[in-house]
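Shown next, in structure tokens, is the structure this report addresses.
The values are calculated or read from the model by the stated rules, or taken from the named source; none is laboratory data. It should be emphasised that the depicted structure is a prediction, and the values quoted were computed from it without experimental measurement. Here the Cβ positions follow ideal geometry from the backbone for every residue, glycine too, while neighbour counts run over all protein chains shown. Only protein heavy atoms, including side chains, enter the accessible area calculation; ligands, DNA and RNA are left aside. Shrake-Rupley method; radii C 1.70, N 1.55, O 1.52, S 1.80 Å.
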Amino acid sequence: MADLFSNLGLGFSVALGLQNIALCFLGCLVGTLIGVLPGVGPIATIAMLLPITFGLDPVGALIMLAGIYYGAQYGGSTTAILVNIPGEATSVVTTLDGHQMARQGKAGIALGTAAIASFFAGTVATLLIAALGAPLTKLALIFGPAEYFALMVMGLAFAVVLAHGSVLKAVAMILVGVLFAAVGTDLETGQERMTFGFAFLTDGVDFSVLAMGLFGIAEILRNLDQTEARDVVRERIGRLLPGLAELRQAAPATLRGTAIGAILGILPGNGAVLGPFAAYTIEKKIAKDPSRFGRGAIEGVAGPESANNAGAQTAFIPLLTLGIPPNAVMALMVGAMTIHGIIPGPGVMTKSPDLFWGMIASMWIGNLMLLIINLPLVGVWVRLLKVPYRLMFPAILMFCSVGIYSINSLPTDVMLIGFFGLMGYLLIKFGFEPAPLLLGFVLGKLMEEYLRRSLTLSRGDPMVFLERPVSAVLFIIAFAILAAALLPSLRKSRDEVFTEA
Amino acid sequence: MDAPLDGTSSRRGPVRAPQSLVAGLGLIGLGVFGIWAGSDLDYGSLRAIGPGLMPFWLSIGVGLCGLALAIAGFTHDGAPLQSFTFRGPVVITLAIIAFAVTIRPFALGGITTPGLGLIVAGPLAIIIAGYAGTEARFIELLTLALFLTAGCMLLFGDMLNLPIPIFPTAVVQAMTGVLPARTMLRLAAGAMALVGLGLLVVQRRSGRREPIEVARHSLTT
Amino acid sequence: MKKALAFGLLAALTAVNARADSYPQRPITMVVPFAAGGPTDIVARIVADPMSKALGQQVVIENVTGAGGTTGITRASQAAPDGYTIMMGHMGTHGAAPALFKGLKYDPATSFDPIGLAAGTPIVIVAKKAFPAPDLKSFVEAVKAGGASINQAHAGVGSVSHSTGVLFDSQIGAKPTLVVYRGTGPALNDLMAGQVDFMTDQIVNVATQINGGTIKAYAVATPERNPSLPDVPTTKEAGLPGYEVSAWNAVFAPKGLPEDVRKKLVAALDAALKDPNAKKRILELGGTVPKDGEAGPAALQKLVESEVARWTPVLRGAVEANQ
């Protein structure tokens, strides 16, 4: 314990240096900005800013890049809540209830709850990294391909619960999502799958492209249809920050979300994407009145947002202690470290303790800054909703186009958001929800990889999924969730089976 | 959005939920398409799963869901088909395509579009998109386009340093050696913002809004 | 529209005059065909910095990823040969690609003006900690004897670990089961956890884990030992002299550069590699800086030709066996 405090003391003495504080602030600010802009993600931005950090000392550079990363998580929820566009896989869930809250004139409360829940989660996760970072890495090594496959199956079971309409339609959407994920070059054989010879499909469909289309563009099309729906958002602004009653309502969800997100974030196989989904599912399952979810339940914002931020933070554990990046942003951080002559891995903690602990301390400072940056901004964001929709949607459209183009510099990506926008519009018209599709897409790619890998390793024996205890438990949870989602609807009168979950 | 169960109980005829039926048929179509699209791929074995196995079974799954939905369209009461409008989808698609083909040289068949950069592609997308709504006014959209494009140029090109073409390729070549790219970007953005401001002033002076617009649309209040 | 047309005309007229002036007059784009933060990207960024100084214009990195790096190289190869678009190719894009991608739209040996080799990153043969063999010789015997019961990891078809791994197998005549990962990170994770038995990969990716004792290294596939892994023998020392392979990175430009532009680029790369800071960074990564005989366009052209000849038979066989 004394060790921990002296280490944290070292960390804060590094992170509170004038230059580092300024860099942390700059990182958080840029991160918030790119998070808010639809399409532009932290990956493109960190890549672009890497050369700028060349001139800095490594600690400052990494503090700034880390700031961009979690700043983007904060900013992403803003766009999800205000205009129903998830910037990243992890903010898909926030759109469900967050945007509904905004439509009911509670945008400020939703944004405030998201910020406070994220801050709480960030604080807990930082402490967790500081106290248990090294021992927790053992957990990472328990997870082999079979366990990850089970985890992904569990995630897909969550996706069924996510939907609030027909179960059958949700299942169909998940399958379509997994099917879309299969488009592109097959990882194992290098063969092209369902690309129809189009060069722009050889690497599959980018998540941002699918999300911008299905959510951003489709939402515009739908709003253009319904005159009455679009000005609901601007009707009343309401209070800007959550009150005590709302915070009390959100608190337990925040606690649970933090725990779930922190645990999943430790897994080096990008388990963090599951955090918000898992948190949402649990909140919906244990709620007294699950029907509130999808209609603006505050727990549906607090739970996933805290899980998201906790996961974003604990994702640094495999990077800092094993040297293994769990996702694309972390892979960039590896690059940033190596460029500065630091090879991430078990050695970092002992060889450059000022960097290791300085970064951890700066995470907490960064979270505090984000809270300070974001709470006053809530007022600005909410006022943005007052812009007439006839000016709002061309602006959204242009930001989406520029953002998507900036990811890969491919005009075809921009065209694809138009295609997926039309598809999303059709889906809405036929009563399908895009969120399960997106989740199926995110998990589908990973699921297939892990399935094939574990069967290769088991030499084709599917029993491997039940013989390994962790994997077996995860499968049982998945089936329990599915049964819980399906059974009540089966017991209802037959007419309702296909329309209510 | 979930489909409300209203207005269908009075309907008689074989189809009781037209939305489900059409949605189901659509999914069956997608499933068949998926099977066809993946038919050239090897299924492999359990020991070494081929690239074709997952797409095949997923397509079957999608098709089965579609079948169940289509059947439900005959056996269960459900939502009617919703009305579609064409103006929005068509115009928005046009706007997106306009952006995509002008941002940088784009070759389609034998034709290559000139790369015009963000300074042209941005306003083009905004102004075309504006006409997807029924309340579009050119001056207003132009003002918006000038401000937003100038902002985007500074934000993406200058601050975030993203490799997005700002100016037409021809202009970049012509100005090589005359003006540094950054300076040119800032000058152009400043000029656009100024013109935008001018337009704003002009709009303010030339009376408020046309009375018809306000009367017809709740949004302009 | 009219304005744009007018601009275009004006530009067309002035472009003729501008070109002949002294190169470079605006920033130069270096296309990196892999994601930012990867080994190739890092080399590119290390080199781009001193190159900018030598040229007097910023060398801007643009990451265009996809299809094992061939997307970015294809695009860069189609750019105007004016010296404002160059690229960082590597062993995969300019050696292994013709064997792996049937519809490749460029020829590594003829579609480019080579500028020069930038860096080499040696390949290391690594195995899980619990692998019983004490040295490379007995390891090779164990892999041969184990047949399909041995699991070999790699980071996807077309990746360095795939090409060099398949080369290793064909040289020792073994047929282990290939386990595919998306990227080196997850593969390394399973190697540490003992899920897979061995892999071959670039030194920069595995050095910390080797030094940290979580995986073990049998040999470095270069003629000399590497300063970042001083205790690991070379393949020659350990008894597998034929297996010498390095994931090299080199700068190319689209074919048809004006002679003065080409000379300036070659000189700039040369200066960059002599820059003590850049050199130090490359060495810190476990990389190698080209020696006298290896630097420059002529040596690079020779390297590309020999690499294509080396990889084509090995990889063709491996890919066809897979499909």
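Miscellaneous remarks
- Residues of type aspartates and glutamates that C:LYS128 reaches as a straight line, Cα spacing below 18 Å, ignoring anything fewer than 8 places off in the same chain: C:GLU141, C:ASP169, C:ASP190, C:ASP197, C:ASP201, C:ASP231
- Computed over protein heavy atoms with a 1.4 Å probe, the carbon and sulfur contribution to the accessible area of chain B reaches 71%.
- The residues neighbouring A:ASP461, those whose beta-carbon lies less than 15 Å from its own, together hold a net charge of +4 under the Lys/Arg +1, Asp/Glu -1 convention.
- Mean accessible surface per residue for the protein assembly as shown, computed with a 1.4 Å probe while every protein chain stays in place, in Å²: 37
- Taking all protein chains as they are arranged and a probe of 1.4 Å, the heavy atoms of C:ARG26 leave approximately 50 Å² accessible to solvent.
- Within chain B, the whole DSSP H helices whose Cα atoms reach 27 Å or more along their own axis and whose mean Kyte-Doolittle score is at least 0.5 are B:18-37, B:53-75, B:181-205.
- Selection from A:ILE404, A:MET463, A:PHE479, by position along the positive dipole direction of segment A:347-499 (Cβ): A:ILE404
- Accessible-area composition of chain A, carbon plus sulfur, in percent [1.4 Å probe]: 71
- Accessible surface comparison of C:VAL314, C:VAL43, probe 1.4 Å, protein chains only, largest first: the order is C:VAL314, C:VAL43.
- Debye, to nearest 20: dipole size of chain A, +1 on Lys, Arg Cβ, -1 on Asp, Glu Cβ: 980
- The residue list C:TYR106, B:PHE167, C:LEU55 was ranked by how far each Cα lies along the charge dipole of the protein assembly as shown toward its positive end, using unit charges on Cβ atoms, and B:PHE167 comes out on top.
- Taken across both chains, chains A and B shield about 7000 Å² of accessible surface from a 1.4 Å probe.
- Using Cβ point charges alone (K and R +1, D and E -1), the dipole size of the protein assembly as shown about the Cα centre works out to roughly 1880 debye.
- Only helices enter this figure: runs of n ≥ 4 DSSP H residues, each worth -39500 (n - 2.57), summed and divided by the residues of chain B, yield -19000 deg cm²/dmol at 222 nm to the nearest 500.
- Within chain A, helix-based [θ] at 222 nm, where runs of 4 or more DSSP H residues each add -39,500 (n - 2.57), nearest 500: -23000 deg cm²/dmol
- Only the Cβ atoms of Lys and Arg (+1) and of Asp and Glu (-1) were treated as charged; on that basis the dipole of segment B:87-220 about its Cα centre amounts to roughly 200 debye.
- Against the rule of thumb 2.2 N^0.38 Å, how large the Cα Rg of the protein assembly as shown comes out: 0.92
- Average other protein chain Cβ within 10 Å of Cβ, residues B:86-93: 5
- Summed over qualifying helices (DSSP H, 4 residues or more, each -39500 (n - 2.57)) and divided by its residue number, chain C shows a 222 nm mean residue ellipticity of -14000 deg cm²/dmol.
- Shape call, segment C:122-245: gyration tensor on alpha carbons, a/c limit 1.5: rounded
- Legend: P(r) of segment A:64-150 from all alpha carbon pair distances, 5 Å bins from 0, whole percents, reading 3, 13, 17, 17, 14, 15, 11, 6, 2, 0.
- For the chain pair B and C, the interface hides roughly 1100 square angstrom of accessible area in total, found with a 1.4 Å probe.
- Residue of B:LEU155, B:LEU30, B:LEU142 that the Gaussian network model of chain B assigns the largest fluctuation, springs spanning Cα pairs under 10 Å: B:LEU30
- Highest-fluctuation residue, B:VAL202, B:VAL22, B:VAL172 considered, GNM on chain B with Cα pairs under 10 Å: B:VAL22
- When every Cα-Cα distance of chain A is counted in 20 angstrom steps from zero, the calculated P(r) takes the values 24, 59, 17, 0 percent.
- Only Cα pairs under 8 Å and 6+ residues apart enter the sum, and on that basis the relative contact order of segment A:175-329 stands at 20 percent.
- Carbon plus sulfur fraction of accessible area for segment C:122-245, probe 1.4 Å, in percent: 53
- Taking every full run of DSSP H in chain A, the ones that stretch at least 15 Å from end to end by Cα along their long axis and average 1.6 or higher on the Kyte-Doolittle scale are A:18-36, A:107-142, A:145-162, A:167-181, A:328-339, A:469-491.
- Counting, for every residue in A:439-452, the Cβ atoms of other protein chains within 10 Å of its Cβ and taking the mean gives 2.
- Cα pair distances in segment B:87-220, grouped into 10 Å bins until the bin that holds the longest one, percent each: 12, 34, 33, 16, 5, 0
- Per the accessible-area calculation with a 1.4 Å probe, the total area buried between chain C and chain A rounds to 3400 Å².
- The order of the peptides A:381-387, C:260-266 by mean Cβ neighbours within 10 Å, most packed first, is C:260-266, A:381-387.
- Between C:PRO81, C:PRO39, C:PRO313, the Gaussian network model of chain C with springs among Cα atoms under 10 angstrom shows the greatest mean-square fluctuation at C:PRO313.
- Other protein chain Cβ atoms within 10 Å, averaged over every residue that makes up A:326-336: 4
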